[in-house]
Amino acid sequence: MFSRKKVFVSLISVIAIAVLLMVGATSALAADKIVWKSSGHGPATDPSQIYHDKLCEAITEASGGRLVVKAFVGGSVVPAYKELDAVHEGVLQMCYTCPMYNLDKWSAAGLISSRPGGLPGEALRTWFNYGGGADLMNKMMGDYNVMTFPGALSPLPEEVFFHSKVKLETMDDIKGLKARCMGDGGEILARMGAATVIIPGGELYEAMKRGTIDAFEYSTLASNWVMHFNEVAKYVYLSPSRAPSDPQCFYVNKDAWNELPDDLKRLVQDEVDKWTQAQHEYLVYESVKAVDKFREAGCEVYKVPKDIEDALLAEAAKFYEEKSAKEGGIFTEIYNSMKAYGEAYNAVH
């Protein structure tokens, strides 16, 4: 009897110790859990926002909950297009946005974002990943508390040249056209006579309904179909001249990044690389299908007239040569790097 009691007491002790160890381990795991906040830049229906959200979920799941990335829709944490500033300030630890939305800080950002006459999608991503593009972007951002890395840029297919209420047949139709056009493309079209304005993507539908603008550029055919732009613009104009790719990029807070264990850094990079490429491929495929959807909805889909394309490319070449000569420094370094890679790429394609 005494022996059984000793065994029973010993068993209870073992169970108690095991429970304490489990509680301690659980507490340690809870203490080690890292929580990030990340924001896209678009409305919830925009595929870029959808893929941003999928990426956040994938990181959380792949890390076994060690790194929880909470996803926020564009404009819900900070005003639209201010996501990178929020990452710098530590309000967000990560964001997914277009480089050109930060022209107020770095004029060279326009070289890597929907650049008229720039690199097509495949060339842009390979330049960014292997041709030093990511390093050059980090150099451009300097002491800003934000960084990126190879694989973080999704080039996306060419942007729609314009959704328009006005039929575009010659350069005369560009002059005076009230158009939303962002980044360097907006400045170049303004030099060509268009009346360009900056409007967040989530406000374009209403701006067209109210007559604030007559035309706008925004993302890919696939993205624009799900945003119902067929309801506010009769004409759809296609051309790779104004934006041969529509790049978006993931950025992280430097301090938050440096605090990650090496295995989580690798996990984040691998997941970002996978999902940015997946988004690009998805939008290439869906944009092909979307052409017929716009036509079936009653839109007229045209290629941009050649004289408008030629004028835009000529003005863009002049614009960037002038800007490079004037600014020098990192602008010229990025410009020359992209130009050299583009020439090498075109020689074999």
* To do: Hey, could you check segment 45-100 for residues that are hydroxyl-bearing (Ser, Thr, Tyr) and part of a helix (DSSP H, G or I) and say which is surrounded by the fewest Cβ atoms within 10 Å (Cβ to Cβ)?
  => 60
* To do: Tell me, yes or no, whether segment 57-69 has at least one residue that is closer than 17 Å to residue 201 by Cβ and at pLDDT 95 or above.
  => no
* Only one of (1) of a type in the set (A, V, I, L, M); (2) modelled with pLDDT of 95 or more; (3) out of contact with any strand residue (DSSP E or B) (no Cβ under 6 Å at 6 or more places or on another chain) fails for residue 80. Which number is that? -> (2)
* Asked: When segment 294-322 is examined, which residues are found to be under 22 Å from residue 134 (Cβ atoms) and among the basic types (Lys, Arg)?
  -> none
* To do: Might you let me know whether segment 307-317 holds any residue that is in a helix (DSSP H, G or I) and in contact with a strand residue (DSSP E or B) (Cβ under 6 Å, 6 or more places away or on another chain)?
  => no
* To do: Starting from segment 330-349, keep only residues that are free of Cβ contacts under 8 Å to residues at least 40 places away in the same chain and farther than 16 Å from residue 111 by Cα, then list their pairs with residues that are surrounded by 15 or more Cβ atoms within 10 Å (Cβ to Cβ) and of a type in the set (A, V, I, L, M) whose Cβ atoms are within a distance under 6 Å, requiring at least 6 positions of separation or different chains.
  => none
* To do: Only residues that are of a type in the set (A, V, I, L, M), more than 24 Å from residue 38 (Cβ to Cβ) and part of a strand (DSSP E or B): list them for segment 146-194, please.
  => 160, 179
* Got a sec? Which helices (runs of 4 or more DSSP H) wholly within segment 198-298 have at least 1 residues that are touching a Pro at 6+ places or on another chain (Cβ under 9 Å)? -> 221-226, 262-296
* Just one of 341, 320, 335 is over 16 Å from residue 126 (Cα atoms), in the same structural domain as residue 237 (by TED's automatic domain parsing), modelled with pLDDT of 95 or more and within 23 Å of the chain's Cα centre (by Cα); which is it? -> 320
* To do: For segment 98-154, name all the residues that are farther than 13 Å from residue 338 by Cα and in contact with a Ser or Thr (Cβ under 6 Å, 6 or more places away or on another chain).
  => 98, 99, 100, 154
* Asked: Residues in segment 198-250 that are over 22 Å from the mean Cα position of the chain (by Cα) and of a type in the set (Val, Ile, Thr): how many?
  -> 4
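Does residue 162 satisfy the criteria of being under 30 Å from residue 267 (Cβ atoms) and out of contact with any Lys or Arg (no Cβ under 6 Å at 6 or more places or on another chain)?
On the way: under 30 Å from residue 267 (Cβ atoms): no; out of contact with any Lys or Arg (no Cβ under 6 Å at 6 or more places or on another chain): yes.
No; evaluated as a whole, the condition is false for this residue.
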* Asked: List the pairs whose first member sits in segment 186-202 and is within 23 Å of residue 73 (Cβ to Cβ), whose second member is part of a helix (DSSP H, G or I), and whose Cβ atoms are under 6 Å apart, counting only residues at least 6 apart or on separate chains?
  -> 199/207
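Residues in segment 256-265: is at least one under 27 Å from residue 104 (Cα atoms), in contact with a strand residue (DSSP E or B) (Cβ under 9 Å, 6 or more places away or on another chain) and in the same structural domain as residue 39 (by TED's automatic domain parsing)?
Within segment 256-265 (the criterion being under 27 Å from residue 104 (Cα atoms), in contact with a strand residue (DSSP E or B) (Cβ under 9 Å, 6 or more places away or on another chain) and in the same structural domain as residue 39 (by TED's automatic domain parsing)), the answer is yes, since at least one residue qualifies.
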* Asked: Mind checking which residues of segment 167-182 are more than 18 Å from residue 211 (Cα to Cα) and in contact (Cβ under 8 Å) with a residue 12 or more places away in the chain?
  -> 169, 170, 171, 182
* Structure fact -> Within segment 101-126, residues touching a residue at least 40 places away in the same chain (Cβ under 8 Å), over 15 Å from the mean Cα position of the chain (by Cα) and assigned to a loop (DSSP other than H, G, I, E, B) come out as 106, 116, 117, 118, 119, 120
* Structure fact -> Taking segment 101-128 and the residues there that are surrounded by 24 or more Cβ atoms within 10 Å (Cβ to Cβ) and of a type in the set (Lys, Arg), the one that is nearest to residue 42 (Cα to Cα) would be 115
* Output for segment 146-170, where each listed residue is under 14 Å from the mean Cα position of the chain (by Cα), within 20 Å of residue 220 (Cα to Cα) and of a type in the set (A, V, I, L, M, F, W, C) -> 152, 153, 156
* **Matching residues in segment 204-246 - criterion: being in contact with a Leu (Cβ under 6 Å, 6 or more places away or on another chain), among the polar types (S, T, N, Q) and under 19 Å from residue 300 (Cα atoms)** => 220
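The values are calculated or read from the model by the stated rules, or taken from the named source; none is laboratory data. The model shown is predicted, which means the values in this text are computed figures rather than measured ones. Neighbour counts are summed over all protein chains in view; Cβ atoms, including those assigned to glycine, are modelled from backbone coordinates with ideal geometry.
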